1. Given (1) under 15 Å from R252 (Cβ atoms); (2) of a type outside the set (S, T, N, Q); (3) modelled with pLDDT under 95, where does I70 come up short, assuming only one miss?
2. Of the numbered conditions (1) away from the ligand (no atom under 16 Å from the Cβ); (2) outside the structural domain of T237 (by TED's automatic domain parsing); (3) not basic (K, R), T7 fails exactly one; give the number of that condition.
3. Of all residues being assigned to a helix (DSSP H, G or I) and within 19 Å of the chain's Cα centre (by Cα) in region 56-97, which is nearest to L396 (Cα to Cα)? Just the residue, please.
4. Could you list all residues from region 51-96 that are closer than 30 Å to L17 by Cα and away from the ligand (no atom under 16 Å from the Cβ)?
5. Does at least one position in region 196-203 carry a residue that is under 19 Å from A131 (Cβ atoms), more than 16 Å from the ligand (Cβ to nearest atom) and among the aromatic types (F, W, Y)?
6. Which numbered condition trips up R169, out of (1) surrounded by fewer than 16 Cβ atoms within 10 Å (Cβ to Cβ); (2) at pLDDT 95 or above; (3) within 16 Å of the ligand (Cβ to nearest atom)?
7. Take V118 and tell me if it is touching a residue at least 40 places away in the same chain (Cβ under 8 Å), more than 30 Å from V49 (Cα to Cα) and either within 16 Å of the ligand (Cβ to nearest atom) or in contact with a helix residue (DSSP H, G or I) (Cβ under 7 Å, 6 or more places away or on another chain) (or both).
8. Counting only residues that are within 25 Å of E11 (Cα to Cα) and within 16 Å of the ligand (Cβ to nearest atom), give me the strands (runs of 3 or more DSSP E) lying completely in region 207-323 with at least 3 of them.
Amino acid sequence: MISLYDTLTGEVRPLTLREEGRVALYACGPTVYDHPHLGHARSALTYDVLRRYLEWRGLDVRHVANITDIDDNIINRARDEGSTESEVAVEWEAVYIDAMAALNVLDPHDRPRATEWVTEMVDFVARIMDAGVAYTTPTGVYLRVRDVPGYSDLVHRDLDDLRASAGARVEVDEAKEDPLDFALWKAAKPDEPSWPSPWGPGRPGWHIECVAMSLGILGDDFDIHGGGNDLVFPHHTNERAEALAVGRSFARHWVHNAMLNIEGTKMSKSLGNYRTVVEMLDEHPDNGRAFRLLVLQTHYRKTMEVNADLMASARAACQRLDALARRASVLNRPPESLGPRDLDESAVDAFNTAMDDDLGTPQAVAVIFETLRRANAALDRGADDAEVLAATVTNLAGALGVAVDAARRGADAGDAAIDDMVARRQAAREARDWATADALRDELSALGVVVEDTPAGPIWRRA
Ligand SMILES: [Zn+2]
């Protein structure tokens, strides 16, 4: 049984699905006007891993992730560049999609864009107006939060407390009845894109986008709504209020991932210490995979740390996976040819137990590397279970989206040097120059590298 922490109930509880065997998952996507940063990557990876694991357990997942392609930041960028909002959004959406592909994040099944759903959003706002919980002002249409019972349940604060502390996170507007009331529809300002509505030309508020698209695509009572924990208030609180205001059943489970620190400091745009995904990927060809492993090594509800040492360790760990696959590649069957039922049962059970408990990825990764040690030991002994253990490692890593590649040579300079030493040793052996071959073997051994001679040629790994 799979359990997940539910932000609304504040506890880890079994995932109870609307429909047996099927999971409807909505995860909030980016506003596209700039480079995605590592926080975007962590969030996308969290829901990619959740989806992959649900699929690994045989569930049929429909994953929806939106693109916010109209908002103040996009309008400002278009103004600064002398381009249009749609040009800005198209350009940065492509950058985002490429960056996520480089992180091996699966494409969602649906990637709705806000500007393609404006009609549905206008209908939704009209229904909220009909329900009598919204009002108009010269600047737009606002939802009256005190008319929605349980408005602040997701954030576990009472209204007064929230009002006192919300400060900068709510829009200040004299015409609002309550500072917490929020825009469903924003009246058009000069030179801004707008759409017609019963309340005059304007554009949708941010929260109405996600509620219209999630319910529109997945239907009432969909299973999981996810996003970064910075979205709990106001974004998700307000989405939920909009659904409740018209009597719709919203998400059954709320999942939120934590933020990240760079070199010990909270990453933020205002502190200037934010890192883009492209910068991270440019630093090392294996950083996409290493970052995923680093994400997995921290539980999704805990703040994760990113620094150069941790990235280097994660790259080395990925190379150990490749090295095992290289070693095992001389065995009879390739790891991909073994299905879940052929794998090592105790490892798979331990992996599933860890993941079932609120996505315990740090423990699941530990299971993978413990199995890697067992596989290398079995290969050392020439034991029969080596093949199954090696295949188990590749398959469990794959279930978390960590691609293992026997053909991949570590891109570190250190690895190229080792490849070269192994090749020179092999040449010496072929020339029957045993003294040189032995000397190179000793040198490699001093570097912690074990070389194994197989019918397919020498294979090396880190001991
Ligand atoms: Zn959203």
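1. It is condition (1) that I70 fails.
2. Exception for T7: condition (1).
3. Per the stated criteria, the residue is W56.
4. Kept after step one, since they are closer than 30 Å to L17 by Cα, are these residues of region 51-96: 51-68.
Result: R51, R52, Y53, L54, E55, W56, R57, G58, L59, D60, V61, R62.
5. Step one: list which residues in region 196-203 are under 19 Å from A131 (Cβ atoms), which gives 197-199.
Restricting the remaining residues to those that are more than 16 Å from the ligand (Cβ to nearest atom) gives 197-199.
Cutting the leftovers down to among the aromatic types (F, W, Y) gives us 199.
Yes, that holds for at least one residue.
6. Checking R169 against (1) surrounded by fewer than 16 Cβ atoms within 10 Å (Cβ to Cβ); (2) at pLDDT 95 or above; (3) within 16 Å of the ligand (Cβ to nearest atom), the one that fails is (2).
7. Working: touching a residue at least 40 places away in the same chain (Cβ under 8 Å): yes; more than 30 Å from V49 (Cα to Cα): yes; either within 16 Å of the ligand (Cβ to nearest atom) or in contact with a helix residue (DSSP H, G or I) (Cβ under 7 Å, 6 or more places away or on another chain) (or both): yes.
Answer is yes for this residue.
8. On the way: elements: 224-228, 253-257, 260-262, 304-306.
Once the strands (runs of 3 or more DSSP E) in region 207-323 are filtered for at least 3 residues that are within 25 Å of E11 (Cα to Cα) and within 16 Å of the ligand (Cβ to nearest atom), what remains is 224-228, 253-257.
The values are calculated or read from the model by the stated rules, or taken from the named source; none is laboratory data. No experiment lies behind these values; they were computed from the predicted model shown. Neighbour counts are summed over all protein chains in view; Cβ atoms, including those assigned to glycine, are modelled from backbone coordinates with ideal geometry.
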